[in-house]
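What follows is one structure encoded as structure tokens, with my remarks underneath.
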Amino acid sequence: MSNLIGKTLLNRYSVTEFLGRGGMAEVYKVWDSERAVHLAMKVLHADLAEDKVFLRRFKREANNLAKLQHPHIVRFYGLERDGLLVFMLMDYVAGESLKTRIFSKDAPLTPAETKGIIKPVASALHYAHNSGLVHCDIKPANIMLDPSDNVRLADFGIARMSDAATATMVG
């Protein structure tokens, strides 16, 4: 994907920083001039944005996130298109992932630190499950920690609706 830093999309979202890359998308930090706040922008890879299967999967992630309003789940703001770019906007969590935290520490997390992470993640998962969604990709890279150690669960990209047909599937 071409470098988006310095570009403004839809006359509103100014791309300020590259944050990371995944299998389906790249994530950027953007300034939303209407909300006057930084957001995370997840941009579907260009080749996938023209693939109906992947586009449907990306839209499903957006629809799943839109249903979830919980203090420990990254908030969703919208799915947008600018030309061939397809992107979703969500909370920008300043800080680091649990993966980065674990990697950068010289010692294991203390029991108190572990409990401080597990409880909010469990709360977020309980809420999502009660809303009919199963995350399907819980891992340290999808658990975000802000500078005050507030926890946010991210990346519902492969989440599935839970119903009688899927509840018995082996995960």
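The values are calculated or read from the model by the stated rules, or taken from the named source; none is laboratory data. These numbers come from a predicted model, not from an experiment. All Cβ positions, glycine included, derive from the backbone under ideal geometry; neighbour counts span all protein chains shown. Please note that ligands, DNA and RNA were not included when accessible areas were found on the heavy atoms of the full protein model with its side chains. Shrake-Rupley method; radii C 1.70, N 1.55, O 1.52, S 1.80 Å.
Beta carbons within 10 angstrom, averaged per residue: use that to sort the peptides 32-39, 124-131, highest first.
Details: 32-39: 13.2, 124-131: 16.0.
Highest-to-lowest ranking by the protection proxy: 124-131, 32-39.
How much of the accessible area of the chain, in percent, comes from carbon and sulfur atoms when a 1.4 Å probe is used? The partial results should precede the final answer.
Values: 5350 of 9620 Å².
Percent of accessible area from carbon and sulfur atoms in the chain: 56.
Quick check on the range 1-57: what does the Kirkwood estimate of hydrodynamic radius come out to from the alpha carbon pairs, in Å? Mind showing how you got there, number by number?
Numbers: mean 1/r = 0.0841 Å⁻¹.
With all distinct Cα pairs of the range 1-57 included, I get 11.9 Å.
With an 8 Å Cα cut-off and a minimum separation of 6 or more residues, compute the relative contact order for the chain in percent.
Values: 275 pairs, mean separation 30.3, N = 171.
Normalised by residue count, the contact order of the chain is 18 percent.
Could you state the principal axis extents of the C-alpha atoms in the range 77-117, from the largest down, to the nearest angstrom?
Largest to smallest, the principal-axis extents are 47, 18, 12 Å.
Return one quarter of the surface area of the convex hull spanned by the alpha-carbon atoms of the chain, equal to its mean projected area, in nm². Can you show the working numbers first?
Values: hull surface 44.5 nm².
Over all viewing directions, the chain projects a mean Cα-hull area of 11.1 nm².
Could you tally the net charge around F18, taking each other residue with its Cβ under 15 Å from the Cβ of F18, Lys/Arg +1 and Asp/Glu -1? Numbers along the way, then the final one.
Values: positive: K7, R21, K29, K42; negative: E17, E26.
Charge balance in the 15 Å sphere: +2.
If you count only protein heavy atoms with a 1.4 Å probe, what accessible area per residue comes out for the chain, rounded to a whole Å²?
Working: 9620 Å² over 171 residues.
Accessible surface, normalised per residue, equals 56 Å².
Just add up the charged neighbours of V74: K/R +1, D/E -1, any other residue whose Cβ is under 12 Å from the Cβ of V74. Could the numbers behind the result be given before it?
Values: positive: K42, R75, R152; negative: E61, D91, D146, D155.
Result for the local shell: -1.
Could you list which residues have their amide H under 5 Å from that of A25, counting only those 5 or more apart in sequence or on another chain, with H placed in the peptide plane?
Residues meeting the amide H criterion: H45.
Compute the orientation-averaged projected area for the range 93-139 from the convex hull of its Cα atoms and round it to one decimal in nm².
On the way: hull surface 15.9 nm².
Across all orientations, the range 93-139 yields a mean hull projection of 4.0 nm².
Can you pick out the pairs among K42/K99; K29/K139; K67/K105; K29/K67; K67/K119 whose Cα atoms lie more than 27 Å from each other?
Details: K42/K99 19 Å; K29/K139 22 Å; K67/K105 35 Å; K29/K67 23 Å; K67/K119 21 Å.
Where the Cα-Cα span goes over 27 Å, the pairs concerned are K67/K105.
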